[in-house]
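The values are calculated or read from the model by the stated rules, or taken from the named source; none is laboratory data. These numbers were taken from a predicted model, which means no experiment stands behind them. Cβ: placed from backbone, ideal geometry, glycine included. Neighbour counts: every protein chain shown.
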Ligand SMILES: [Zn+2]
């Protein structure tokens, strides 16, 4: 009897611990769409299509060298501002698409601050989330993101995000390209039992980086599927409604042994 009571107490303490990370239960079919590198098609193709379906999304922007100024290849800041005005999240991907695992803290700070200041000067909501360019990262980079008070940081790894297990600075994602439709479709099945599916998408199409190209027809197919099957499609910042980020950072130790690249 006493043993049973002790088991119940232990169980309720365990569940309390979990409920502190989660502000509310993660519903099945929760998908976060993230778009990297600010290619021009994200303004001309992606944003209107997302609006058509009523979906949220996060755009991780940078000034991709060397051709950032070529408006046929990349969005300009006026267009990035328009995404913010449309209700999408604009987030930080460093100024120069730098491998932050190889930067000093001062260099990392300069990279982050450039995007923060640009957003500030254009009255774009302050970027609170980050994506590692090229999935380059290390423990120091995580420490610095904490110092800068960022909420979430997205990595790769091709698996679902479990907010009770994965550290908020090591959020896994799948990356789409022209060839991996089957992999992406089956990834969407994993948005259940407390897990969230996050997709990393580049240009739709991507002219300058064809290895991460997602053809517009395929992208529409994904959105149609998500819509037809009643998925909830949100931005990374929308996850704050479900996850207490500070609590998750206190409780979860970053695990660098898991696959973190796509
Ligand atoms: Zn990138």
Residue hits (segment 51-66; in a loop (DSSP other than H, G, I, E, B) and either away from the ligand (no atom under 16 Å from the Cβ) or exposed (fewer than 12 other Cβ atoms within 10 Å of the Cβ) (or both)) are 54, 55, 56, 65, 66
Being more than 24 Å from residue 69 (Cα to Cα), surrounded by fewer than 16 Cβ atoms within 10 Å (Cβ to Cβ) and at pLDDT 95 or above, is that true of even one residue in segment 119-136?
no
Every residue in segment 25-50 that is away from the ligand (no atom under 16 Å from the Cβ) and farther than 19 Å from residue 226 by Cα, please.
25, 43, 44
Filter segment 83-107 for residues that are within 16 Å of the ligand (Cβ to nearest atom), surrounded by fewer than 21 Cβ atoms within 10 Å (Cβ to Cβ) and part of a helix (DSSP H, G or I); which is farthest from the chain's Cα centre (by Cα)?
102
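Check segment 73-82 and report whether any residue there is within 16 Å of the ligand (Cβ to nearest atom), assigned to a helix (DSSP H, G or I) and buried (at least 18 other Cβ atoms within 10 Å of the Cβ).
The first filter runs over segment 73-82 and keeps only residues within 16 Å of the ligand (Cβ to nearest atom), leaving 73-75, 80.
Cutting the leftovers down to assigned to a helix (DSSP H, G or I) gives us 80.
Still in the list and also buried (at least 18 other Cβ atoms within 10 Å of the Cβ): 80.
So far as segment 73-82 goes, yes, one or more of its residues are within 16 Å of the ligand (Cβ to nearest atom), assigned to a helix (DSSP H, G or I) and buried (at least 18 other Cβ atoms within 10 Å of the Cβ).
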Counting only residues that are surrounded by fewer than 16 Cβ atoms within 10 Å (Cβ to Cβ) and closer than 19 Å to residue 204 by Cβ, segment 223-262 contains a total of 3
Of all residues in segment 108-140, count the ones that are within 15 Å of the ligand (Cβ to nearest atom) and in contact (Cβ under 8 Å) with a residue 24 or more places away in the chain.
12
Every listed condition ((1) surrounded by fewer than 23 Cβ atoms within 10 Å (Cβ to Cβ); (2) over 13 Å from the mean Cα position of the chain (by Cα); (3) assigned to a loop (DSSP other than H, G, I, E, B)) holds for residue 116 save (3)
Residue count for segment 33-45, restricted to those that are in contact (Cβ under 8 Å) with a residue 60 or more places away in the chain and more than 16 Å from the chain's Cα centre (by Cα):
4
